[in-house]
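Contents: one structure, followed by commentary.
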Amino acid sequence: MRKLAGFLTFSICVSLSAQTESDALFMAKRNLCGGFMYGNTSWNHYWEGTFYRNNANIGSFKSNSVMAMANYGIGNGLNVIASAAWVDNRVTAGTLIGQKGVQDLNLFLKKELWAKDIKGFNSSLVAVGGVSAPLTNYVADYLPISIGMRSKTASIRLLGDVQKEHWYGTASAMYTRRSNVTIDRNAYYTTEMVYSNQVAMPDVFSYNVRLGWRDGPDKYFEILADRINTLGGFDMRKNDMPFLSNNMDAFRLGINVKYPAPALKGLSVMATGMQTLSGRNMGKATTFMAGLVYQTEIKKGEKK
Amino acid sequence: MNFSLRWSILLGLIAMVSCNKEITQRNMQFAALNPDKIDTSAGNWKPVLLTSATEFACDLPIAVSSADYKLQLLEIKSRQANMTEADEAALKYWSAGTVLRWNEILRELVAKYNLPPYQNPDGTYPIPSSTNPLAYPYFPFANPPYAARAYAYVSAAQYDALVAAYHYKGFYRRSRPSAVDNTIKELVPVVKDYAYPSEEAVVAGAAFAMMSMLFPGEQDYLQEKLSECIDTRILAGANVRSEVEAGVKLGKSVAAKFVSRARTDRAGKAIGTPADWTKLESDAIARGETPWISQESPKRPPMLPLFGRTIGFLMDTTEVITNRPPAPPSTGSAEFAKELDEVLWYSQNPTRERMRIVHFWGDGAGTYTPPGHWNAIACEDFVNMRFSEVRWARNLALLNMAMFDAAICCWDAKYAYFNPRPSQVNNKIKTLTGLPNFPAYTSGHSTFSGAAATILGHVNPGRAADYMSMADEASKSRLYGAIHYRSDIEIGMSMGKTVGSKAVDRAKTDGAD
């Protein structure tokens, strides 16, 4: 029984976000981009604390998800982004039943703070504020199979981007505040007994670095590295189930690609691959995602 | 960046960081214990193991006129004059009740140790050793039968120790420090009876000695709790040092009798041998039944197959066997197929409400177990009932002896019939909670809950119907979770009620009712 729902929550915030909340690209004013991404995450080893192991009573963990997302240009250099996912989690061995359903709504407001051309280096600074909350009454306290963690979150990301001709680099750091979570039990053990149905969730600090080549907002190839780190939390005990307030860390490497589909102007194909290299109280996950996004301009006064 | 955006980001960050995450725990809200009845005659109540209240001696206290006693009064004054924040926190914590807090400490240790050992490289499982408790796998594996036994021994030892203490309190009639010296301030509500020996120290001494045997790797932690507990009596101005020292000594002496009994109650051999495990399987096959097979990978030996032979407090082994329920539906019968289908239906049609029930009552690995859950339920009600410490101990002893004997009866049935879990017979049955590693019939949750609700309904008649409906929900949670058949839960529940009624019989004649 192991952990990854946490991982999914994070990955939805982090790796699905090509041209979303963790890059320096903006939709122009009154432009709307919407689309769907299919995601598949799996692992058969995990870190129980720092102990790297498999578990024949879990076999492999498999998660499939479909995420809907939209990004709208409120103004030039000011975007609002929304996303929500349907998730199906299951394990291939043992008796534990899978879980599926609609997870959380994520909303981001993204603002370009500063942009300047310095000797041919196009540089910018971006701030992204985000909130998220569960959309359904899914079960959180059933890791790793639960589809999410039910925590309401508020996040702030600061991002710097430099581009020289087509080559660019982006670095960003994000702090996520997580609310307490209400579970179905009214007492539980962490490193001590807690007589409450509330679980205090450690906050999360994450950062990521991307290097790539791009030609406008619809054509890019990048490699990225990210590190996710809960600030606090406890280690799973040997042979224990994971718990919401565990100390969950991961370091991942991946690639993101976006390319315009020739069939239709405004339609693009996106794909992501991510691999967890190290972690703590997390699965050593491999993630693939692929999807289509369509971009169009909403003409003023068109509707009335 | 414009000015207002900059400020809104900053304010947002401050709001994020400053919002309070602290959790209000129910057990930290309990008021100081202030019994509405002193139970001065408790020295005449019927003990569990002691032959009489005077089986263990409690020496004559020093005279209140002695220099030594006066020094001990000075100690109270000096401690009260130099209270630290930690002292105040400890005082507040322990004032809620000594039996209560030691019960919570025990629940915490059960949860800490309730994890099945991780396998060896060759796919076998290591067995925890009481002589080397801190080497992995830690001793004990505090699974539900082990936990039920632990709760029973600790509660019963505390109760017997308090019966003895109440006898000596009435015998020596030592006044409280504040009655000897009216400049002594009492910082918590103090029962207006006699101070020697300190009943709180008796409880602490008994709990310490019993729990040191049950959780031998926790001696340092338990010693720390013992010192803190008795220290608060001096801080509170409720006892002088010689009163708490006599109490700890008496509590430890009484507990030693329970420790000796625990060493010979057969629980230590309950794990059985590979030959025992094979025989259970071949016996079931010989009866024409599908035997239980571990669904864990690698296959884990069944949990404590000989626990049904452990000697309980309310029933002897012959009675356990006589009371064994009839066999469950044969694995080849139409009735079995029908029950199996019902489990499949619950597995395939979970609702959010049934999932809530499954998880609320799950009490699986890493938790304080179902008996721990019933202790928590009982304690949260007892807090409002304002029992004396001795009545607290007596009621928890009745509850936990009932659940210990329920565990014995349930484990006896499980290994007499050795029947398979639903998922073993039909692999389409996925479970909503962890599948326990022992046979299905009867359901442990149902047996524990039937016993607990029965005795709690006697102790607190106003809530009898509530306890029964909680037990019913706990029992059904195992069918909803697709890990038990209907016969397991129904027969388990009725067996639990039978065991619970033995505790009620005892309650009616122990002198406390």
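Take every Cα pair under 8 Å in the stretch A:5-297 that's 6+ residues apart, average their separations, divide by the length, and report that relative contact order as a whole percent. Across the stretch A:5-297, relative contact order equals 18 percent. With a/c under 1.5 counting as rounded, go ahead and sort the stretch B:294-404 into rounded, prolate or oblate using the C-alpha gyration tensor (a ≥ b ≥ c being the square roots of the eigenvalues; past the cut-off, prolate if a/b is larger than b/c, else oblate). Since a/c reaches 1.5 but b/c is at least a/b, the shape of the stretch B:294-404 is classed as oblate. Compute a Gaussian network model of chain A, connecting alpha carbons closer than 10 Å, and tell me which residue from A:ILE74, A:ILE118, A:ILE228 fluctuates the most. Of A:ILE74, A:ILE118, A:ILE228, the most mobile in the Gaussian network model is A:ILE118.
In terms of the mean number of neighbouring beta-carbon atoms within 10 Å, the peptides B:27-37, A:230-240, B:457-467 order highest first as A:230-240, B:457-467, B:27-37. For the stretch B:64-263, the relative contact order comes to 28 percent (Cα pairs under 8 Å, sequence separation of at least 6). As I understand it, the dipole of the stretch A:138-279 uses +1 on the Cβ of Lys and Arg and -1 on the Cβ of Asp and Glu, about the Cα centre. Which of A:GLY216, A:GLY279, A:GLY233 lies farthest toward its positive end? Value: A:GLY216.
Report summary: the helix-based calculation at 222 nm, which adds -39500 (n - 2.57) for every DSSP H run with n ≥ 4 and divides by the residues of the protein assembly as shown, gives -12500 deg cm²/dmol.
Classification of the stretch B:18-78 by its C-alpha gyration tensor yields an oblate form. The axis ratio a/c (a ≥ b ≥ c) is 1.5 or more, and b/c is at least a/b. Applied to the stretch B:463-480, the Karplus parametrisation 6.51 cos²θ - 1.76 cosθ + 1.60 on θ = phi - 60° returns per-residue 3J(HN,Hα) values of 10, 4, 5, 4, 4, 5, 6, 5, 4, 4, 5, 4, 5, 5, 4, 6, 6, 4 Hz, with x for Gly and Pro. Each peptide in A:92-101, A:134-143 gets a packing score, the mean of other Cβ atoms within 10 Å over its residues, and the list from highest to lowest is A:134-143, A:92-101.
What FRET efficiency would be calculated for the residue pair B:TYR136, B:ALA327, taking the C-beta separation as r and a Förster radius of 51 Å, to the nearest 0.05?
Numbers: r = 39 Å, r/R0 = 0.77.
So the FRET efficiency works out to roughly 0.85.
Shielding value for B:221-230 is 0, the average number of Cβ atoms from other chains within 10 Å of each residue's Cβ. The packing ranking of peptides B:378-391, B:437-450, highest mean first, is B:437-450, B:378-391, where packing means the average number of other beta carbon atoms within 10 angstrom of each residue. Karplus-derived 3J(HN,Hα) values for the stretch B:425-430, using 6.51 cos²θ - 1.76 cosθ + 1.60 with θ = phi - 60°, are 7, 9, 6, 7, 7, 9 Hz; glycine and proline are entered as x. Using Cα atoms only, what is the angle between the long axis of helix A:5-14 and the major principal axis of chain A, expressed in degrees (0 to 90) to the nearest 10? Computed tilt is about 10 degrees. Computed over chain B, relative contact order equals 19 percent, with contacts defined as Cα pairs under 8 Å that lie 6+ residues apart.
Among A:ALA28, A:ALA70, A:ALA187, the largest mean-square fluctuation in a Gaussian network model of chain A, built with springs joining Cα atoms closer than 10 Å, belongs to A:ALA187. If the segment from B:LYS428 to B:SER469 were pulled out straight at 0.36 nm per residue, it would be longer than the present Cα-Cα gap by 11.7 nm.
Rounded to the nearest 20 Debye, what is the dipole magnitude of the protein assembly as shown about its Cα centre when Lys and Arg each give +1 and Asp and Glu each give -1 at the C-beta? The partial results should precede the final answer.
Details: 88 positive and 75 negative charges, 414 e Å.
That gives the protein assembly as shown a dipole magnitude of about 2000 debye.
Specify the angular offset, from 0 to 90 degrees and rounded to the nearest 10, of the alpha carbon long axis of helix B:219-235 from the longest principal axis of the alpha carbons in chain B. So the helix axis and the longest Cα principal axis differ by about 40 degrees. FRET efficiency for the A:VAL80 to A:ASN137 pair, using the beta carbon distance and R₀ = 25 Å, is estimated at 0.40.
Beyond a 32 Å Cα-Cα separation, which of these cross-linked pairs lie in this structure: B:LYS169/B:LYS502; B:LYS169/B:LYS269; B:LYS269/B:LYS508?
Numbers: B:LYS169/B:LYS502 30 Å; B:LYS169/B:LYS269 40 Å; B:LYS269/B:LYS508 34 Å.
Pairs exceeding 32 Å: B:LYS169/B:LYS269; B:LYS269/B:LYS508.
Axis of helix B:85-95 versus longest Cα principal axis of chain B: the two differ by about 70°, to the nearest ten degrees. Extension gain, B:SER282 to B:SER41: 0.36 nm times the residue separation minus the Cα-Cα distance gives 81.2 nm. One equal scatterer on each Cα of chain A, no solvent, Debye formula: the resulting log10 I(q)/I(0) at q = 0.15 Å⁻¹ is -1.15. With each label modelled as a point 7 angstrom along the Cα→C-beta vector, the A:PHE51-B:ASP513 pair spans 4.9 nm. Near the amide H of B:GLN119, within less than 5 Å, lie no amide hydrogens of residues on another chain or at least 5 residues away, with H placed in the peptide plane.
On the basis of the beta-carbon distance and an R0 of 41 Å, B:ALA256 and B:SER297 show a calculated FRET efficiency of 0.45.
Any read-out appearing in this document is the output of simple, stated calculations on the displayed coordinates, not a laboratory observation. Since the model is a prediction, treat every value here as computed from it, not as a measurement. Methodologically, a virtual Cβ is constructed for each residue, glycine included, from the backbone with ideal geometry; neighbour enumeration extends over all protein chains shown.
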